[in-house]
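Written below as structure tokens is the structure these notes are about.
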Amino acid sequence: MGSLSQELPPLQAQDLKIKIQDSCMVLPAQKTERRSMLLSNIDQVLNFSVETVHFFPLNKDFPPRVVAEKLRSALANILVTYDFMAGRLKSIPNTSRFEIDCNGAGAVFVVASSDCTLDEIGDLVYPNPAFKDLIVKSLDGLPSEKEDHHDQPLCIVQVTSFKCGGFAMGLSTNHATFDGLSFKIFLDNLAALASDKPLVVVPCNDRHLLAARSPPRVTFDHPEMIKLNMPLEQDSNSNASIFDDTQEDLDFKIFQLTSDIIAHLKEKAKKALGGTQNSRYITGFNVVTAHVWRCKALSLGDDPERESRLLYAVDIRPRLNPPLPVSYVGNAVLSAYTTAKCKELKEGPFSKLVEMVSEGAKRITDEYARSAIDWGEVYKGFPHGEFLISSWWKLGFAKVEYPWGRPRYSCPVVYHRKDIILLFPDIDNDNGVNVLVSLPSKEMDKFHSLFHKLLDLKD
């Protein structure tokens, strides 16, 4: 079984030779009512762009030119229902808050071409820095985020054709507009409109469902949060404040966990419990997260008394009372946390670590979630921990059914951060996962050694 864990090969093409062929501002297909849309306290701290790329192989019935026209039309139509995506972010005077001005200003649509083939790009799972060129940052006459975020479009779509006939669809959206689950619904609806079908899910755009209570009532300590030292409007790139953004040289590696290895980790945890009812918390996510947490914490040094705090996102839709609609659009996720001393992580049984990870999500009840939202109203802060595990594993972006078929692979554009570890689905097996890690060289060597040693695989 030892051979099942491997690092993926290095990328190939580092210059995709992109040429912009056409660009325009797409307006809603019908006139929409101008309004201001509230952003919740969860949305407020997520004022930064998230870029995703979706790769498609050649489909002779849908050459890139036809795809571009269908997507342009679908984008205009979807901006009627998702009117805020055609709007602009604006500051609320005399506060540190933002809202969306649903002014119908439009979304950017770009058509581009590459001199590469999909095969020349290399392994799509390996986050190629050149993927950033598959989503335009700014155009002539269009302000960049650094220049004027108040007039920055909240949605950019780029279709890039490759020499082989395949193409990529790149999307940039402001994180304040969507979390991963609501973005998946947006993609499902975009694909349906491109197929001349009705919306798959009618989105619930009511952000008041996650408004703070009046007056706010903070009933928990929330050690997973840290107070903000400046108004949000002074930091247009808010994500830089969530974790340490120190610039240093980082090694980057991908560790692959097959479905067999994940099953092995589950069995390893279950054996220690003797098959008791508590085994219900032994999920694929929990065992992978526990394993990564142990490796990451122990790679930082040998102090047994140092505390390591892990954060990961939890969907609160089903945890509220009453539950939020599954179709809720916006950020309905909070940071679950778990904390342990390095001595516990090194010497404790694996099953205990898995249980500690599960307790982080279990902690988030309706009252805990409401208290966290109210905490944001009072203190204007950010999630804070030693590192965050950001999981794209089960979001299902590659399962979206477009008229030209499903993507070969979907992934975010990755910017390497030592305090964020990413979980991506395997390109061939949904039950496998790829763990993307960026660390300074010495820490990476230690992490690499621990990752394989602590799997405890036997041939």
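The values are calculated or read from the model by the stated rules, or taken from the named source; none is laboratory data. Everything numeric in this text was worked out from a predicted model, so none of it was measured. Please note: Cβ atoms are built from the backbone with ideal geometry, for glycine as well, and neighbour counts cover all protein chains shown. Just the protein is used for accessible areas: all its heavy atoms, side chains included, with ligands, DNA and RNA removed. Shrake-Rupley method; radii C 1.70, N 1.55, O 1.52, S 1.80 Å.
Couple of notes before you dig in:
- Some residue of the range 340-349 being in a loop (DSSP other than H, G, I, E, B), among the acidic types (Asp, Glu) and closer than 30 Å to SER441 by Cα: no
- Residue match in the range 404-414 (condition: under 29 Å from VAL66 (Cα atoms), touching a Phe, Trp or Tyr at 6+ places or on another chain (Cβ under 6 Å), of a type in the set (A, V, I, L, M, F, W, C) and modelled with pLDDT of 95 or more): yes
- Among the residues making up the range 185-228, those that are part of a loop (DSSP other than H, G, I, E, B), open to solvent by 40 Å² or more (accessible area, probe 1.4 Å) and under 21 Å from TYR337 (Cβ atoms) are PRO216, ARG217, VAL218, THR219, PHE220, ASP221, PRO223, LYS227.
- Selection count, the range 54-71, where residues are part of a loop (DSSP other than H, G, I, E, B) and acidic (Asp, Glu): 1
- Among the residues of the range 65-83, none qualifies, meaning not one is at pLDDT below 95, surrounded by fewer than 21 Cβ atoms within 10 Å (Cβ to Cβ) and of a type in the set (Gly, Ala, Ser).
- The single residue among LEU345, LEU310 that is more than 23 Å from GLN44 (Cβ to Cβ), in contact with a Phe, Trp or Tyr (Cβ under 6 Å, 6 or more places away or on another chain) and open to solvent by less than 10 Å² (accessible area, probe 1.4 Å) turns out to be LEU310.
- With respect to (1) in a helix (DSSP H, G or I); (2) crowded, with 18+ Cβ neighbours inside 10 Å; (3) within 17 Å of the chain's Cα centre (by Cα), the lone exception for TRP393 is condition (1).
- Condition broken by GLU367, with the remaining ones in (1) within 30 Å of ALA168 (Cβ to Cβ); (2) among the charged types (D, E, K, R); (3) at pLDDT 95 or above satisfied: (1)
- Each residue in the range 89-114 was checked for being surrounded by 20 or more Cβ atoms within 10 Å (Cβ to Cβ) and not hydroxyl-bearing (Ser, Thr, Tyr), and 12 pass.
- Of the residues making up the range 29-53, those that are surrounded by 17 or more Cβ atoms within 10 Å (Cβ to Cβ), over 21 Å from ARG370 (Cβ atoms) and among the polar types (S, T, N, Q) are THR32, ASN47, SER49, THR52.
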